[in-house]
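Structure, as structure tokens:
The values are calculated or read from the model by the stated rules, or taken from the named source; none is laboratory data. Here the structure is a predicted model, which means the values were calculated and not measured. Neighbour counts run over all protein chains shown; Cβ positions are idealised from the backbone, glycine included.
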Amino acid sequence: MKRSKLNLVIDAIMLIVMMAIIGIGLLTKYILLTGQEKWDKFGENLEFTLLGLDRHGWNDIHFIFGLILFGLLVLHIWFHWSMIICIYKGLIKNKKARVFSAIALSFISLVLVAFPLFINAKVEDPDYKGGRHYSEISDTNERKTGEGRQRLKKQEPVMPENSENISRQVSSQIGESKTDKRQHQAHSSNRHADAEHDKRRDIPSNIEVNGRMTLKEIAEEYKVPADHIKTKLNIPLSTSNNERLGRLKKVHDFTMSDVEEIIYEFQKNK
């Protein structure tokens, strides 16, 4: 194959790979949302996939295409090296300036490629309690806690034989206390669930809201002023009507049944 035809093939492949990189970037930015964006938009951490791959799988493909593009670029420069040198000499007449520019360009290129290997990311607590990010942090904390417990267990002093009875009594009392506490929590949870069920039973079936809905959508669908809902839920009136219930629920601690009851009471008294 002649060099001119080979150059054309390489350039065509480079164009296709560049378009693929841009397309995958748009896919992971606007379609396969991050965990935080899914919580903000839908009120829950849904799983988004395309062709069986989530955003992390597509990011891997994005990286592979980047490496392919780099290889094609090296070939492109190699086949046009004589032309590049000729144009470069005509652009910068001074030899020292050409050498300095070449060194500076090479240094900047190496820094941009290698800088991730020499930096540490800033670690912060997540702003939301859910999704992949929070789960990974929780798992790490649990592992650390388990290691700490093992170290403490190794450091426990050996108790003399005459204190075994006292230890059994203390352990028994602690166990009973924990059991009572769990029973109380379970009883409280059941009462809360029963109350929510009774409240929901009085609300007509045509009134149903979820975390994906915004205040504006609820106001338009059920003919209830958004400011009325904000007031009843103790949400600042300055809050945007485009905020979704899922996000507001985490901040202001209410339930979907509370919103449905507000709608029902407003329609009943209208």
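If you go through region 7-27 one residue at a time, do you hit one that is touching a Ser or Thr at 6+ places or on another chain (Cβ under 7 Å) and surrounded by 14 or more Cβ atoms within 10 Å (Cβ to Cβ)?
No, there is no match, as no residue in region 7-27 is touching a Ser or Thr at 6+ places or on another chain (Cβ under 7 Å) and surrounded by 14 or more Cβ atoms within 10 Å (Cβ to Cβ).
Within region 231-251, the set of residues being touching a Leu at 6+ places or on another chain (Cβ under 8 Å), part of a helix (DSSP H, G or I) and surrounded by fewer than 15 Cβ atoms within 10 Å (Cβ to Cβ) comprises just one member, 231. Considering only region 1-21, state which residues are within 14 Å of residue 77 (Cα to Cα) and charged (D, E, K, R). Selection gives 3, 11.
Comparison of 260, 243 shows that the only residue that is of a type in the set (Asp, Glu) and either within 15 Å of residue 42 (Cβ to Cβ) or assigned by TED's automatic domain parsing to the domain that holds residue 36 (or both) is 243. Is one or more of the residues making up region 75-85 of a type in the set (Val, Ile, Thr), outside the structural domain of residue 243 (by TED's automatic domain parsing), modelled with pLDDT under 90 and more than 23 Å from residue 113 (Cα to Cα)? No; the residues of region 75-85 include none that is of a type in the set (Val, Ile, Thr), outside the structural domain of residue 243 (by TED's automatic domain parsing), modelled with pLDDT under 90 and more than 23 Å from residue 113 (Cα to Cα).
Selection of region 209-230 for residues being in a loop (DSSP other than H, G, I, E, B) and over 28 Å from the mean Cα position of the chain (by Cα) yields 223, 224, 225.
Taken over region 209-220, the residue count meeting the criterion of being under 15 Å from residue 267 (Cβ atoms) and either of a type in the set (Gly, Ala, Ser) or surrounded by 14 or more Cβ atoms within 10 Å (Cβ to Cβ) (or both) is 3. For residue 70, the conditions (1) under 30 Å from the mean Cα position of the chain (by Cα); (2) exposed (fewer than 10 other Cβ atoms within 10 Å of the Cβ); (3) of a type outside the set (Val, Ile, Thr); (4) modelled with pLDDT of 90 or more all hold with the exception of (2). Entry remark, region 15-56: residues being among the basic types (Lys, Arg) and under 11 Å from the mean Cα position of the chain (by Cα) number 2 in total. Counting the residues of region 30-48 that are in contact (Cβ under 8 Å) with a residue 12 or more places away in the chain and part of a loop (DSSP other than H, G, I, E, B) gives 7.
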